[in-house]
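Participant: Attaching a single structure in structure tokens format; questions to follow.
Just so you know, all these numbers are worked out from the coordinates, no wet-lab data involved. Fair warning: this is a prediction, and the values are worked out from it, not measured in the lab. Glycine also receives a Cβ, built like all others from the backbone with ideal geometry; neighbour counts cover every protein chain displayed.
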Amino acid sequence: MSKAGWAYGIVLVGLLVTSVIALMFGVTFYTPIQLWHALVGTNPDVLNNVLTFRLPRLVASLIGGGVLAVAGALSQSVFRNRLADPTILGVTSAGDLFILLGSFLLPGLPFEKLILALLGGVLALALLTNRHTLSQPYMLIIVGVALNLTFQGFTTLFTKGIDVNSDTSLNGITWDSTLTLLIVGGFGLILALVLAPWANNLKVADAQLTAAGMPVKVLRVGLLALVVFLSATVTSALGTIPFVGIIVPNIARKLVGHDYQTLIPFSMLSGAWLLLLGDTIGRLIILPSELPVATLMTVIGGPFLILLVFKGGLGRGTETR
């Protein structure tokens, strides 16, 4: 079996095992036999608890993780920078800020959070993308981090010093939010699979693409729009969960290569597993309380980003080709 085949096999087994553990463990432990009895209808109390609390959380983790990983991979393609990710470039924090302001100004708007997160993401990218940042990887990251901190600062200011992002958790997520995330996020993931060849095209220099008759701006703007859509989908449902979009695609390139038609589906599965694993560990590590998955991902992702910077530097070796 090839290296990629082994990688896919490990991820699929990991998804299956972690999903079973996520359904079994919690404040109340359920054995596999109890879960089976619940499934066949002979233990309605366990079935009700699993369907009401644990299953929507599991599904939200899977979809959210897959969406975040794909958004990161596409960001790195557009910016030709393996450090690019919506969470450190200010896209998701801008979405959080707009959601907060919208709750004051436009309460009750249909799909309010998704629309506001989209608007915030568009603003962040409009401020971030210009010919200087696109041509200089180090400047892109510096400006992106500055925007991210600025949006987070405004969010903290409007919440009177309470850091709302630090408590990002999947605890208490409902089926309404999960189904919205499943439908909208699933649509975005399908688009990502269809547009994966666009990401491959952007590996080539703009001048060469133009000479070959490729619409470079259409490719880049189209993928950026998809990145904002994917990011806003997760932000509106789960809040900001950092570093998934950096960790997963960079490891995926080592395992399955740089072809985005392979990288996107593998990142989708790996991101789903990573977020589910992180949420499951966060639920169990300090029972009966829990550690928010955003906090856990920050603890993991921060050192990973530092290692990535030390290995490649900010001004060289950051391209994804």
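Participant: Along the positive direction of the dipole of the chain (beta-carbon charges: Lys, Arg +1; Asp, Glu -1; about the Cα centre), which of Leu307, Ala212, Leu149 reaches farthest?
Facilitator: Ala212
Participant: Something else now. Quote to one decimal, in nm, the extra length available between Val27 and Lys254 on full extension: 0.36 nm per residue of separation minus the C-alpha distance between them.
Facilitator: 78.0 nm
Participant: Another question, if that's okay. Below 8 Å, C-alpha to C-alpha, sequence gap of six or more: please give me the relative contact order for region 190-265 in percent.
Facilitator: In percent, rounded to a whole number, it is 43.
Participant: Let me ask you something else. Specify the inter-centroid distance of region 1-58 and region 232-310, based on alpha-carbon positions, in whole Å.
Facilitator: Each part reduced to its Cα centre gives a spacing of 20 Å.
Participant: Looking at (i) 0.95; (ii) 0.98; (iii) 1.05, which value of Rg/Rh (Cα atoms, Kirkwood Rh) comes from a calculation on the structure shown?
Facilitator: (ii)
Participant: Helix 137-158: angle to the longest alpha-carbon principal axis of the chain, degrees 0 to 90, nearest 10?
Facilitator: Between the helix axis and the principal axis of the chain, the angle is about 50 degrees.
Participant: Note the full-extension length gain between Leu307 and His37 as 0.36 nm times their separation in residues minus their Cα-Cα distance, in nm to one decimal.
Facilitator: Working: separation 270, 0.36 × 270 = 97.20 nm, distance 4.68 nm.
So the extension gain works out to 92.5 nm.
Participant: Moving on to the next point. Which order do peptides 7-17, 185-195 fall in by mean Cβ count within 10 Å, highest first?
Facilitator: Result, highest mean Cβ count within 10 Å first: 185-195, 7-17.
Participant: How do 237-246, 75-84 rank on mean C-beta neighbours within 10 Å, highest first?
Facilitator: 237-246, 75-84
Participant: Only four residue types carry charge here, +1 at the Cβ of Lys and Arg and -1 at the Cβ of Asp and Glu. Report the dipole size of the chain about the Cα centre in Debye, rounded to the nearest 20.
Facilitator: 920
Participant: 7 Å from Cα along Cα→Cβ at both Val299 and Lys160: what's the point-to-point distance in nm?
Facilitator: 3.0
Participant: If you don't mind, there's one more thing I want to ask. Placing +1 on the Cβ of each Lys and Arg and -1 on the Cβ of each Asp and Glu in the chain, which of Thr298, Ile190, Val78 has its Cα farthest towards the positive end of the resulting dipole?
Facilitator: Val78
Participant: Turning to a different aspect of this structure: With label points built 7 Å along Cα→Cβ from the Cα atoms of Ala211 and Leu51, find their separation and express it in nm.
Facilitator: Placing both labels 7 Å beyond Cα along the Cβ direction yields 6.3 nm.
Participant: Let me ask another. Specify whether the C-alpha gyration tensor of region 85-243 places it in the rounded, prolate or oblate class, a ≥ b ≥ c being the square roots of the eigenvalues: rounded for a/c under 1.5, otherwise prolate if a/b is larger than b/c and oblate if not.
Facilitator: On the way: a/c = 2.40, a/b = 1.48, b/c = 1.62.
In terms of gyration-tensor shape, oblate.
Participant: Let me ask you something else. Between 0 and 90 degrees, rounded to the nearest ten: what's the tilt of helix 112-128 against the longest Cα principal axis of the chain?
Facilitator: It works out to around 30 degrees.
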